[in-house]
DNA sequence: GGCGCGAGTTAACCAGAATCAAGGTCCAAG
DNA sequence: CTTGGACCTTGATTCTGGTTAACTCGCGCC
């Protein structure tokens, strides 16, 4: 597990133009900047840094100061906290197109969680000063940030609900159904397959379960004829049945 | 438990002036509007409605549309969700000076939780249109909203951490210490007392415990000589010792 | 090939917390 | 004063999920 390190893109001091252009192209795709005109993007690009990190790299620990936020271009990042006894709880698995660290940035406080690459990743780091400048300049940009934070909050409340009101079995079934929803076709019926985005241990922690318990429940669901397990691929044998099972338990 | 009902302040159509003035005075104290000049407050007051609700009143249910946010002037409101089986989980107990419902307002989605008055309450309801107008007009107002949402998010993450990494005992000890911190003198030592803001059952739910389990743990803590229980008043016999107990468990 | 390693599985056992079922206490209304 | 209800406590029992530990499987590497 390598220590924190920022593999910057090659300096490119000699030819800054194409490098900046490439960055702008990347920026144009991120939801927060959707519809920004080129001039705005260039302004923004000043504070943006591309990072390539290896699997296992810790981007920041709890307590580290925050200088901006991150956006994942490819790969996966896990956000987690570790208790004093060393056990870890994964709060979120960040996937391409998603960003993290905004809330802490706006609070001017150190990180409360740690972030670690689950795979080799390509990231953008957006410095907070360009965000703050843009906020002063453009009220609609503020609106987007507010919308983003609200959305995040909403999501987290749903997580709290899941953790406190649902059993392990229900959480797993819910997870599988959601996962199918984002990766599969919209109106899927009957037999569909879901590929787990990362190791079972990590997903178990995300769902507030131990790896062992997760494994057991998958086994139970398989025995009940609801799913088939094949490594990281879960075959949902009858998605309608799984949905109704979700209701009952 | 009375159904939802909005006890508006008397119409005051004949003398709108003093009524508006009184509202402005209330508004001037809320953190979000701190430092606003009178003209801004008046503009804001158009969308503000005072509400007096009785204990037990449900302000909104999950699924209700959201037309603005609420601020508590006096009394307590509980935010909770109810599972399909009817069991309830309290997410937050809102106290005077605090507000709720902003995130949902910015998302233009229905409420995901329900809000109920734990005591007779005085509230302000701020309509979303005046908030949105002010956001377009004043970037610094946006900043405050962003700061508020970030803070809320931060808090919720701390809750998730507590729920998933700490035992019931630890959660209760942590709660008592926090409660002491906000109600007691800053540098308290030795013996101090904390008054629970509401019923033990509600607090138990807030901490993700059953009433029974909560009661038992209080008993255990009392037996261990850490606290004394006298109805809703908890005497912390030695706050230093409780703090170190918090570390160990 | 054999070694080591990480991920996953399985089973036996255990603990923390929920559930169920009585009571107890206090207080306000009849 | 006594009746009922809200709130709380207590004990017995059950259950969910965590802990520990052994074992398997696949894979990269010497």
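Restricting attention to the range A:223-249, which residues are in a helix (DSSP H, G or I) and within 11 Å of DNA strand C (Cβ to nearest atom)? Spell out the reasoning first.
The initial filter retains those residues of the range A:223-249 that are in a helix (DSSP H, G or I), namely A:223, A:239-248.
Matches in the range A:223-249: A:223 only.
In summary, residue B:103 fulfils each of the numbered conditions (1) within 14 Å of another protein chain (Cβ to nearest Cβ); (2) over 19 Å from the mean Cα position of the chain (by Cα); (3) in a helix (DSSP H, G or I) with the single exception of condition (2).
Pick out the one residue from B:77, B:91 that is within 11 Å of another protein chain (Cβ to nearest Cβ), buried (at least 18 other Cβ atoms within 10 Å of the Cβ) and on the phi < 0 side of the Ramachandran plot. Before the answer, list the steps.
Values: B:77 fails: within 11 Å of another protein chain (Cβ to nearest Cβ).
That would be B:91, the only listed residue that is within 11 Å of another protein chain (Cβ to nearest Cβ), buried (at least 18 other Cβ atoms within 10 Å of the Cβ) and on the phi < 0 side of the Ramachandran plot.
Inside the range A:59-88, residues that are assigned to a strand (DSSP E or B) and either modelled with pLDDT of 95 or more or more than 15 Å from DNA strand C (Cβ to nearest atom) (or both) make up a count of 15.
Could you check the range A:205-219 and list, in sequence order, the residues that are within 10 Å of DNA strand C (Cβ to nearest atom) and within 14 Å of chain B (Cβ to nearest Cβ)? Listed by number, the residues that qualify are A:210, A:213. Residues in the range B:203-244 that are surrounded by 18 or more Cβ atoms within 10 Å (Cβ to Cβ), closer than 20 Å to residue B:188 by Cα and touching a residue at least 60 places away in the same chain (Cβ under 8 Å): B:236, B:239, B:242. Does residue B:123 count as more than 7 Å from chain A (Cβ to nearest Cβ) and buried (at least 19 other Cβ atoms within 10 Å of the Cβ)? Considered against the rule, which asks whether it is more than 7 Å from chain A (Cβ to nearest Cβ) and buried (at least 19 other Cβ atoms within 10 Å of the Cβ), residue B:123 comes out as yes.
Residue by residue, here is whether (1) touching a strand residue (DSSP E or B) at 6+ places or on another chain (Cβ under 7 Å); (2) more than 16 Å from DNA strand C (Cβ to nearest atom); (3) not in a loop (DSSP other than H, G, I, E, B) holds:
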{"site": "B:170", "(1), (2), (3)": "no, no, yes"}
{"site": "B:178", "(1), (2), (3)": "no, yes, yes"}
{"site": "B:181", "(1), (2), (3)": "no, yes, yes"}
{"site": "B:187", "(1), (2), (3)": "no, yes, no"}
{"site": "B:190", "(1), (2), (3)": "no, yes, no"}
{"site": "B:194", "(1), (2), (3)": "yes, yes, yes"}
{"site": "B:197", "(1), (2), (3)": "yes, yes, no"}
{"site": "B:203", "(1), (2), (3)": "no, no, yes"}
{"site": "B:221", "(1), (2), (3)": "yes, no, yes"}
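Applying the selection to the range B:145-157, what residues are more than 7 Å from chain A (Cβ to nearest Cβ) and either surrounded by fewer than 16 Cβ atoms within 10 Å (Cβ to Cβ) or closer than 12 Å to residue A:139 by Cβ (or both)?
The first filter runs over the range B:145-157 and keeps only residues more than 7 Å from chain A (Cβ to nearest Cβ), leaving B:148, B:155.
Correct list: B:155 only.
In the range B:129-142, what residues are surrounded by fewer than 18 Cβ atoms within 10 Å (Cβ to Cβ) and either more than 7 Å from every other protein chain (Cβ to nearest Cβ) or touching a strand residue (DSSP E or B) at 6+ places or on another chain (Cβ under 8 Å) (or both)? Please lay out each step first, then the result.
First, the residues of the range B:129-142 that are surrounded by fewer than 18 Cβ atoms within 10 Å (Cβ to Cβ): B:129-130, B:132-133, B:136-140.
If the condition is that a residue be surrounded by fewer than 18 Cβ atoms within 10 Å (Cβ to Cβ) and either more than 7 Å from every other protein chain (Cβ to nearest Cβ) or touching a strand residue (DSSP E or B) at 6+ places or on another chain (Cβ under 8 Å) (or both), then B:129, B:130, B:132, B:133, B:137, B:138, B:140 are the ones that fit.
The values are calculated or read from the model by the stated rules, or taken from the named source; none is laboratory data. It should be emphasised that the depicted structure is a prediction, and the values quoted were computed from it without experimental measurement. Cβ sites come from the backbone with ideal geometry, for glycine too, and all protein chains shown count toward neighbours.
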